[in-house]
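**Student:** Attaching a single structure in structure tokens format; questions to follow.
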Amino acid sequence: MKWRESVGSGLGYLVQVKPMAGDSEQEVMLTTKIPKATVGGLSPSKGYTLQIFKLTGSGPVLLVRREFVIEDLKSNSLGKSSQRPPGAALEPTPSHRGAPDPEQVSDSRVTFTPSQDPPIIGIPSVGQQQLEQHWSWGPVAQDPAQQPPDLERQSHSVAPARRREKLAGPEFRCTPPTPTDMVFLVDGSWSIGRGHFQHVKNFLASVISPFEIGPDKVQVGLTQYSGDPQTEWDLNSFRSSGEVLAAVHGLRYKGGNTFTGLALTHVLGQNLKPSAGLRPEAAKVVILVTDGKSQDDVHTAARVLKDLDVDVFAVGVKNADEAELKVLASQPLDITVHNVLDFPQLATLAGLLSRLICQKVQGRSLSRAPVTPEDAPALEPLPGPSSLVLTQITSSSVHVSWTPAPQLPLEYLIVWQSSRGGTPQELVVGGPASSVQLCNLTSSSEYLVSVLPVYKDRVGKGLQGLVTTAPLPPPRALTLVTATPRTLRLAWQSSAGATQYLVRCLSASPGGKEEKKEVQVGRPEVLLDGLEPGRDYQILVQSLRGPEASEARSIHIRTPALAPPRHLGFSDVSHDSARVSWEGTQRPMRLVRVSYISSDGGHSGQTEAPGNATWAALGPLFSSTTYTVRITCLYLGGGSSTLTGRVTTRKAPSPSQLSVTELPGDAVRLVWAAAASSGVLVYQIKWTPLGDGQAHEISVPGTLSTAVLPDLGKHTEYEITILAYYRDGARSDPVSLRYSPSAASRSPPSSLALSSETPNSLRVSWTPPSGHVLHYRLTYTPATGSRPDQSISVPGPRNHTVLSDLLAATKYKVLVSAVYGAGESVAVSAMGWTAACPTLHPDSSLPGFDLMAAFGLVEKEHASIRGVAMEPSALGLTPTFTLFKDAQLTRRTSDIHPVALPPEHTIVFLVRLLPETPREAFALWQMTAEDFQPLLGVLLDGDWGPGSPSAVGRNGSPGFTLSLVPTLSKSQVS
């Protein structure tokens, strides 16, 4: 089939040929980056559905969909003249797995040519032009010369896994028509790495999963190779897919060199044998997974595998040699050779590779006689050395020796690598050699050492061994040579292999923080200076060789102490100065150096005093700051000692004794006492109206103690604030006073309004006055005077409140006054009614409360109450609730009655006494005090019967007598 390329970029095409419904054949899916493809293995008389997708960055786009039969195509090719005109009967089916606009797709044409050639499968790559949408139908002679000459050199890549899974589908399974023996040859060399090896295992599991595993179906074996190949399991080791996948996930990383030729020889000699489970009639497949170029020859073993009719698939990762992969793989190479850029991309290849293996096995001719390893030319195993011995181990070298191979090799390849990873190191020695010295090793490190004989065309069986180098020797005999209050001199014996020594000096400062000093020296001695007298030090010395370090040797030393001054004290502490004093020593002093530093390190200073001085003044200091003060005595003849203390300065003082005097007009005079005798830079004064209005500020020099404040209202109260700023940046706390002009008025609130919130509450609102109100006083009482007055306070910023716990349907009188700093305003009043008791039902005007609902005797709640059952109604539409013996329902009065009971109220009961009701007195309904003593109730006295004159039950049920026992007043109920 062919189609015309379209303008634009694309990732390639996907061709899907699927048998029609009911056909047992499996569908065929292949990708190509050229606008043509050949699909083989189809039945000439069966119907198929063809779909061609354009692969784009946003997903696959369905270009065309067509049903065809190969015999019909042949008939059409014989009668070209009767062929339909292009595009006459075919309507394209635009589809995008991401819903593109069909109008954005341009014209395309596709033609079919029946072919007996094997399918050509390309892999999509970036740079192909986009396909067009419209297409025509008709046979076209396919010229073999038009096949791309560089098909085998195409760079294989794989679409993202998410898109591939949508196209391939998780339902793909492969059951080959003939038994299949499949051997995986997995590179486990150092270059793979443990982290990437997990990607390899996931890839193997994904490739194996679609195949039906069993003794008469597909068998799977696996060999891991590096320096020497190792069979992980044979073809006949496992009999089910679950066992094989479990073995894959349990595969352990091997590590070593990349000897692919030796590994292929191992597959021929060990895995493809009847003793390992090989079946003569089975198709044989070898799948190689590697990430590098082989270090030995692969041509001989590859040729033998192909002579055995083994299908070899080669999968390269990252740095794999593609030319070598093509030498190893079977034809056609565009099916059997695959290469991905990195290990995570293996996941995108797994599904495609499973299908290609399945297609390859299904396409094998069953008529061809099976070929077994016995029919192929044998590869004679090459001898190798024996008895690997690792001796003379030091911190940087190991001596390696071995017994030579019986047949002299061209040379020996010695490879060693740290078991913690890193780049393998190699060394080649001549064939007659039997030992070698490995140098420049890292101390205390484990190495894997391999010795491999190299012959003309292959590598023989090698030797491997593990060895751990010795640690770098530490310094010996660390001793103190001399010590002064400021210096320490140490020496030690040199250690073999060390090029330098690291000396660390550790001590704990008086604040508990560890101080550390390090120095590197080339000789086995050191002089440490700049130390503190009378302090304990730990000295540690290590041998160094490049980045390697030995175990440390340590020694504890205390430097000699100097006699310090004593009794450090502080006096005359102010916000910007302090006096420090000390007691001198008998040792003659040259001078005394006094230094101080703030706790945050932002301010420091220093002064000096004569050697006979016993005090010094500190300043200028910052206020409210803690200083560390150090007195250092410098002695005649050298040496010194230090005494340390701490002092905290006082807070910057604020102005005091504020007073205000009214001046003519709208100004006042503010007077205050100075904050400090000196150091004040400026005073900041601010006056703010108590209420609406704008604040004002002025600044006056720090030498003044009075200021005139202008533009003050005659009827407005003010808050006046003053604070001092000092020359060192400190600021005092603000000091305030409240000023009320003599003419200021005390206006009351206005527009007082009352509205009913609930039967027992009223909402009160008002308009605030213009002045600054501290709070409002509200007084309320029933208009009848039946209750005493009650008062509450409302904060000044608010203009409403809610009065609660009122009587229902009652008229109240409310008074509101504003309270100012200078006094209280007159009160304003208003009258309002609380709401009446609610109606019993929405469609009734009768006020009251439904006690059934209050006690939970409703259909949705009764099941949660013990001793209660609900039955169909015997008295109408309302359901009937039965109370069993000892059942008692209790509620607080406040939960039942949202408001207080009115002066007169009626309680209605509808009771039906069942024949089995016990004849004993009980309370049907009652109200009790907090101690559950009855106050008011309805009692059944237990004396009822057919002749009772007091009441008769409905339908002839026994009568009963109701007793109303009032024992409380209305005020008690409410």
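The values are calculated or read from the model by the stated rules, or taken from the named source; none is laboratory data. These figures come from a predicted structure and were not determined experimentally. Cβ sites come from the backbone with ideal geometry, for glycine too, and all protein chains shown count toward neighbours. These area figures cover heavy atoms from the full protein model, side chains too; ligands, DNA and RNA do not enter into them. Shrake-Rupley method; radii C 1.70, N 1.55, O 1.52, S 1.80 Å.
**Student:** Run the numbers for THR49 and LEU480: contour at 0.36 nm per residue of separation, minus the present Cα-Cα distance, in nm.
**Tutor:** 145.9 nm
**Student:** Between HIS399 and ALA617, how many nm apart are label points set 7 Å from Cα along the C-beta direction?
**Tutor:** 8.4
**Student:** Rounded to whole Hz and in sequence order, give me ³J(HN,Hα) for the range 242-257 from the Karplus expression 6.51 cos²θ - 1.76 cosθ + 1.60, θ = phi - 60°, writing x for Gly and Pro.
**Tutor:** In residue order, the calculated couplings are x, 5, 5, 5, 4, 5, 5, 5, x, 5, 9, 5, 9, x, x, 8 Hz.
**Student:** List the lysines whose alpha-carbon lies under 24 Å from that of LYS813, not counting same-chain residues fewer than 8 positions away?
**Tutor:** Reachable lysines: LYS970.
**Student:** Heads up, I need the accessible area for HIS775: 1.4 angstrom probe, whole protein in place, Å², nearest 10.
**Tutor:** 50
**Student:** Now a separate question. Kirkwood Rh, Cα Rg: Rg to Rh for the range 566-648?
**Tutor:** Reported Rg/Rh, Kirkwood definition of Rh: 0.98.
**Student:** Computed FRET efficiency, Cβ-Cβ of ILE698 and LYS811, R0 51 Å: what is it to the nearest 0.05?
**Tutor:** Plugging the Cβ-Cβ distance into 1/(1 + (r/R0)^6) gives 0.35.
**Student:** Show the residues, 5+ positions off or on another chain, whose built amide H is closer than 5 Å to the amide H of THR880.
**Tutor:** Amide H to amide H, under 5 Å and 5 or more residues apart or across chains, THR880 pairs with GLU871, SER873, ALA874.
**Student:** Cβ under 13 Å from GLY821's Cβ, GLY821 left aside: what net charge do those residues give with Lys, Arg +1 and Asp, Glu -1?
**Tutor:** So the surrounding residues net to -1.
**Student:** Now, a different point. Each label point is 7 Å from the Cα along the Cα-to-Cβ direction; what then is the distance between the points at ILE792 and SER75, in nm?
**Tutor:** The two pseudo-label positions are separated by 9.8 nm.
**Student:** Evaluate E = 1/(1 + (r/R0)^6) for THR880 and ALA753, where r is the Cβ-Cβ distance and R0 equals 56 Å; express this FRET efficiency to the nearest 0.05.
**Tutor:** It comes to 0.70.
**Student:** Also, quick follow-up: Please list THR499, THR336, THR893, THR779 from largest to smallest accessible area, probe radius 1.4 Å, with all protein chains kept in place.
**Tutor:** THR499, THR893, THR779, THR336
**Student:** Of LYS318/LYS456; LYS326/LYS360; LYS54/LYS326; LYS273/LYS360, which pairs sit farther than 19 Å apart, going by alpha carbon to alpha carbon?
**Tutor:** LYS318/LYS456; LYS54/LYS326; LYS273/LYS360
**Student:** Starting from the Cα of LYS651, draw a straight line to each of the lysines and keep only those under 28 Å, dropping any in the same chain fewer than 8 residues away.
**Tutor:** Partners found: LYS686.
**Student:** Quick one: how many Å² of ARG504 are accessible to a 1.4 Å probe, rounded to 10?
**Tutor:** That residue has around 60 Å² of solvent-accessible surface.
**Student:** For LYS885, tell me the accessible area in Å² from a 1.4 Å probe, rounded to the nearest 10.
**Tutor:** 150
**Student:** Figure the gain on full extension for ASP536 and SER240 (residue separation times 0.36 nm, minus the Cα-Cα span) and round it to one decimal in nm.
**Tutor:** Residue separation times 0.36 nm, minus the Cα-Cα distance, leaves 99.4 nm.
**Student:** Within a Cβ distance under 11 Å of GLN464, other residues only, what is the Lys/Arg minus Asp/Glu net charge?
**Tutor:** +1
**Student:** If each Cα of the range 656-739 is one equal point scatterer, what is log10 of I(q)/I(0) from the Debye formula at q = 0.12, 0.23, 0.24 Å⁻¹?
**Tutor:** -0.34, -1.10, -1.18
**Student:** Between beta-carbons, use under 12 Å as the cut-off and find the net charge around VAL594, counting Lys and Arg +1, Asp and Glu -1.
**Tutor:** Combined, the nearby Lys, Arg, Asp and Glu give +2.
**Student:** Pop the C-beta distance of SER598 and GLN684 into the FRET formula with R0 = 22 Å and round what comes out to the nearest 0.05.
**Tutor:** That gives a FRET efficiency of 0.30.
**Student:** Quick one: which residues, 5+ away or cross-chain, put their amide H under 5 Å from the amide H of LEU690? H built at 1.01 Å from N.
**Tutor:** The list, which skips near neighbours in sequence, is GLU717, TYR718, GLU719.
**Student:** What are the ³J(HN,Hα) values, in whole Hz, obtained from phi via the Karplus relation 6.51 cos²θ - 1.76 cosθ + 1.60 with θ = phi - 60°, for each residue of the range 278-283 in sequence order, with x given for Gly and Pro?
**Tutor:** Working through the residues one at a time gives 5, 9, x, 7, 7, 6 Hz.
**Student:** First check a/c for the range 758-812, with a ≥ b ≥ c the square roots of the eigenvalues of its C-alpha gyration tensor; if it is under 1.5, answer rounded, and if not, answer prolate when a/b is larger than b/c or oblate otherwise.
**Tutor:** Because a/c hits 1.5 or more and a/b exceeds b/c, the range 758-812 counts as prolate.
**Student:** At 7 Å along Cα-to-Cβ for each site, give me the label-to-label distance between GLU916 and ARG303 in nm.
**Tutor:** Here the answer is 10.5 nm between the modelled labels.
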